[in-house]
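Shown next, in structure tokens, is the structure this report addresses.
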């Protein structure tokens, strides 16, 4: 079973995803994959949120911090919870210095990485729950970086959703199966 | 019956909430609770919108302008329509000069106020319909105030939703029961 | 059959709308209505997106570029796909120099144009699928133009939705019938 969990910030996405993994695998061990950049020391809000998420997770879960999301899926030997695609895209753009490059270049790069992720996701024999963000429902962002990120994450969400059995939208803690 | 009505701006949330209250209570009197800051004189758009909302409401409804939302719920002697949690959070942040304080402090403050609101909501023997906004579905806001508000309203929506029987998402005037 | 297709950017709205038109009309000819301003030469991202959309459409479809959306509906001699209301509102605001005028004036103008569009839509004997954007689910935009656009498009979505048989919300390529 592959499920993409999406929603806005502070909608209860991560909590739902954790509960969903629990209902899929019971008490079996799970690998929690954090595919984004390591939180910066100067962002105490983010660090606090990461710590709060960690405390909620069962002690039997292991954590894998890696930006190689396709590799994590290929190498999986147990169910995975990936949280989240938004930080994965952010890390990828930073790593590739995408902000300096043309949009076509960056889209081609992200499409290539997504193709590898989607292939690995389809082949993965374990349950996988992926968390992402909806960021495309506001007005056009003022900066190119915001517009680019928004487009690329929308693309990632569409591609990954195609490879999933279910997509869950979380609003105010309530879950809608799309 | 307790219902949280959420959606984007100009989605038809307030109109749906008013119609919902009418279907719950018929022609019985209702208290309309405006829990936000009083509209500023220099914001004609907001004043016009408030006036348009007021004209739509039945003459038998009374209006209570108060930032003490928990108190309004405790003291209710008839059904309530609360419009909206977004202005309540805004008023609370202004009142407590939250923009000058650490995020941890502000989150703790809002959590405490929310706990009182949620307890009062659960205990209220009357129908209550609360309107809120979804603001977490765009890219990360450029300013800390925007990020903080977004996080706190997301938190408020989750907490209040837990105490409600139903959550309705309004999109383009259409209602989705979550 | 009249359907409004809404969702965020890069959610798969246009693709769904095209597929929906195909399922409604089969291989019969369709007029694709582009009601927005002509893409600027200095926006290669937009031009590329327009080209990608065009390539996806069947060769039997004709294209009508016009800001007179009501006229396009009145004059329709076959099914229409309108993509999208967001560019229609943008073009209208530019054309009428709305950014210089009072909000009341602009709302009245848009209401009048919308009334004509809605009347034409109700009278149109052909299938019509209209694409729009949800832009009201982020924090308050920093600039008046963003706030005004957001309010007006929300209004347009509500009005057009009232004249449609169905409203479809597209999230990560999945379709929710509202």
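The values are calculated or read from the model by the stated rules, or taken from the named source; none is laboratory data. This one's a predicted model, so the numbers in the text were calculated from it and none came from an experiment. All Cβ positions, even for glycine, are placed from backbone atoms using ideal geometry, and neighbour counts span all protein chains on display.
Summary of computed values
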{"quantity": "Residues of the stretch A:112-159 classified as under 20 Å from residue A:25 (Cβ atoms) and touching a strand residue (DSSP E or B) at 6+ places or on another chain (Cβ under 9 Å), total", "calculated": "9"}
{"quantity": "Residue C:145 surrounded by fewer than 24 Cβ atoms within 10 Å (Cβ to Cβ), facing chain B (nearest Cβ under 8 Å) and touching a helix residue (DSSP H, G or I) at 6+ places or on another chain (Cβ under 7 Å)", "calculated": "no"}
{"quantity": "When residues of the stretch B:61-75 are limited to those that are assigned to a loop (DSSP other than H, G, I, E, B) and in contact with a helix residue (DSSP H, G or I) (Cβ under 7 Å, 6 or more places away or on another chain), the one farthest from residue B:146 (Cα to Cα)", "calculated": "B:66"}
{"quantity": "Residues located in the stretch B:149-178, provided they are buried (at least 21 other Cβ atoms within 10 Å of the Cβ), within 22 Å of residue C:168 (Cβ to Cβ), at the interface with another protein chain (Cβ under 8 Å from one of its Cβ atoms) and in contact with a helix residue (DSSP H, G or I) (Cβ under 7 Å, 6 or more places away or on another chain)", "calculated": "B:167, B:172, B:173, B:174"}
{"quantity": "Hits in the stretch C:100-116 - residues which are closer than 18 Å to residue C:144 by Cβ and touching a helix residue (DSSP H, G or I) at 6+ places or on another chain (Cβ under 6 Å)", "calculated": "C:103, C:106, C:110"}
{"quantity": "Residue count for the stretch C:9-27, restricted to those that are under 17 Å from residue A:151 (Cα atoms) and part of a loop (DSSP other than H, G, I, E, B)", "calculated": "4"}
{"quantity": "Count - residues of the stretch A:60-74 that are out of contact with any strand residue (DSSP E or B) (no Cβ under 9 Å at 6 or more places or on another chain) and surrounded by 14 or more Cβ atoms within 10 Å (Cβ to Cβ)", "calculated": "5"}
{"quantity": "Residues being within 14 Å of chain A (Cβ to nearest Cβ), surrounded by fewer than 24 Cβ atoms within 10 Å (Cβ to Cβ) and more than 14 Å from the chain's Cα centre (by Cα) - total across the stretch C:1-11", "calculated": "1"}
{"quantity": "Complete set of residues in the stretch C:114-136 that are touching a residue at least 60 places away in the same chain (Cβ under 8 Å) and within 7 Å of chain B (Cβ to nearest Cβ)", "calculated": "C:134"}
{"quantity": "Meets criteria (over 11 Å from residue A:35 (Cα atoms), at pLDDT below 95 and surrounded by 15 or more Cβ atoms within 10 Å (Cβ to Cβ)) for residue A:57", "calculated": "yes"}
{"quantity": "Qualifying positions in the stretch A:76-104 - more than 14 Å from every other protein chain (Cβ to nearest Cβ), surrounded by 13 or more Cβ atoms within 10 Å (Cβ to Cβ) and under 30 Å from residue A:12 (Cβ atoms)", "calculated": "A:76, A:78, A:79, A:80, A:81, A:82, A:83, A:88, A:91, A:92, A:94"}
